[in-house]
Amino acid sequence: VVAMFFSCSFLVFVANFLPVGSFDLDADSVCDDAEISLRQLRARQLTNATEGTDGACGGLEDPRNADCAEGVQWAFEKGLKQHPGWYLVPLGTISRTVPSNAKIGDLQRIFFCGRAGKTRCGLPPCSCTSPPCNVCEAPELVPKLSKAFTRIKQFDFTGDAKKEFDVVQIPDQNMTHSCSNYVDDGSTVFTKDGKLVVKVSSACPDGTCLNSGRAMSRDAFTYGIFTFSAKVPKCNSVWPALWLLPENSKGDGKYGPWPCSGEIDLLETVNDDSHGAFNLVAGFGSRGGCYDSAAVTCNACAPPSYCTSTTLADAEASHLMVEDVNCAAGETSWKT
């Protein structure tokens with residue numbers, strides 16, 4: 001289910017959303033080479049920083065790892081169990097493993113790469129899950145396609161928006177606890193000039209909330225490539241978002257209610273931030289508590305007995321630089 005919403009005071013959000021099987025980008029969709037994510041910048045810095053080790057490696061007992069040894073040991077013995085979300089992204093992008101399978105060498109590696117703790121290790125580990133252990137950005141795994149993609153869906157933004165979308169009506173204090181009041185009166189979600197418009201229409205009578213829009217696609221998709229073109233508002237405390245949920249607007253799915261069946265945030269951005277955030281959310285419940293991985297029973301997941309795991313635990317790795325905005329000069333949307 002494709003979802004779009006605004007929290008708090010939002011301006012007009014115009015989206016022309018095309019979930020497709022073919023990946024045909026128009027000129028406006030192609031990023032300039034100069035625009036790279038914070039993760040890429042960080043990877044370049046780390047690559048430069050690791051030069052000069054001459055292939056040397058060492059364990060935590062090596063004097064050159066004295067500054068990080070205690071932190072690595074704590075992360076391996078306690079951190080992975082108590083806060084697995086902290087290590088999910090760096091372990092995945094550097095060591096190609098997950099917290100439940102990580103070895104102590106994998107923890108030392110992310111400390112060596114500056115992706116955990118306050119102090120870096122002076123040497124990489126001699127053993128890890130995905131060698132070479134002194135490399136701070138594992139090579140991307142590129143899948144091979146057996147045939148070309150074909151388009152399977154293009155949203156129709158002519159006429160009534162409800163042909164394609166369910167318009168959610170609910171106070172957001174019951175969901176993400178913002179000041180939005182999602183309404184279905186035709187003023188916050190509608191089509192115009194072949195585009196879907198999601199906007200704030202007015203303030204609530206008592207002045208404590210803003211009437212805003214939240215739209216969920218009627219069609220659901222198992223997998224594929226999704227492309228969209230949107231005018232994203234900035235400034236004025238706006239928080240536009242575009243994300244994917246399983247099966248229905250509440251996020252219920254095969255593995256239980258939200259967050260057990262997952263959520264993929266394609267784009268969220270707040271106020272005058274120059275970046276957008278991409279985020280993967282998952283959740284689990286357990287008989288023995290949040291961190292007892294041997295007792296996970298996600299199908300029984302229900303508030304308040306659930307835990308969430310999010311890639312935003314490593315926020316910089318989830319940020320995609322778009323462009324700066326000057327709110328004082330009236331720049332109230334991204335131009336890109």
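The values are calculated or read from the model by the stated rules, or taken from the named source; none is laboratory data. In this text the structure is predicted, and so the values were computed from the model without any measurement. Heads up, the Cβs are rebuilt from the backbone with ideal geometry, glycines too, and the neighbour counts pull from every protein chain shown. Accessible surface is based on the protein model in full, side chains and every heavy atom, while ligands, DNA and RNA are left aside. Shrake-Rupley method; radii C 1.70, N 1.55, O 1.52, S 1.80 Å.
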What's the number of the only condition in (1) surrounded by 14 or more Cβ atoms within 10 Å (Cβ to Cβ); (2) at pLDDT below 50 that Lys103 fails to meet?
(2)
Could you list all residues from the range 221-255 that are under 20 Å from Leu196 (Cβ atoms) and out of contact with any Leu (no Cβ under 9 Å at 6 or more places or on another chain)?
Gly224, Ile225, Lys231, Trp239, Leu245, Asn248, Ser249
For the range 162-184, name all the residues that are touching a helix residue (DSSP H, G or I) at 6+ places or on another chain (Cβ under 8 Å), free of Cβ contacts under 8 Å to residues at least 60 places away in the same chain and open to solvent by 30 Å² or more (accessible area, probe 1.4 Å).
Asn181
Breaking point among (1) at pLDDT 60 or above; (2) surrounded by fewer than 20 Cβ atoms within 10 Å (Cβ to Cβ), for Ile36
(1)
Please state which of the following conditions Tyr291 fails to meet, knowing it meets all the rest: (1) assigned to a loop (DSSP other than H, G, I, E, B); (2) open to solvent by less than 60 Å² (accessible area, probe 1.4 Å); (3) at pLDDT below 65.
(2)
Based on this model, can you work out whether Pro139 counts as open to solvent by 90 Å² or more (accessible area, probe 1.4 Å), modelled with pLDDT of 85 or more and in a loop (DSSP other than H, G, I, E, B)?
no
Has the range 185-201 got at least one residue that is in a strand (DSSP E or B), open to solvent by 40 Å² or more (accessible area, probe 1.4 Å) and among the hydroxyl-bearing types (Ser, Thr, Tyr)?
no
With respect to Asn236, determine if the residue is part of a loop (DSSP other than H, G, I, E, B), among the polar types (S, T, N, Q), at positive phi and open to solvent by 50 Å² or more (accessible area, probe 1.4 Å).
yes
Residues of the range 108-126 that turn out to be in a loop (DSSP other than H, G, I, E, B) and either closer than 14 Å to Glu70 by Cβ or of a type outside the set (Lys, Arg) (or both), as a count:
13
Going through the range 239-256 in order, the residues found to be open to solvent by 40 Å² or more (accessible area, probe 1.4 Å), on the phi < 0 side of the Ramachandran plot and either touching a Cys at 6+ places or on another chain (Cβ under 8 Å) or among the charged types (D, E, K, R) (or both) are Trp239, Lys250, Asp252, Lys254, Tyr255
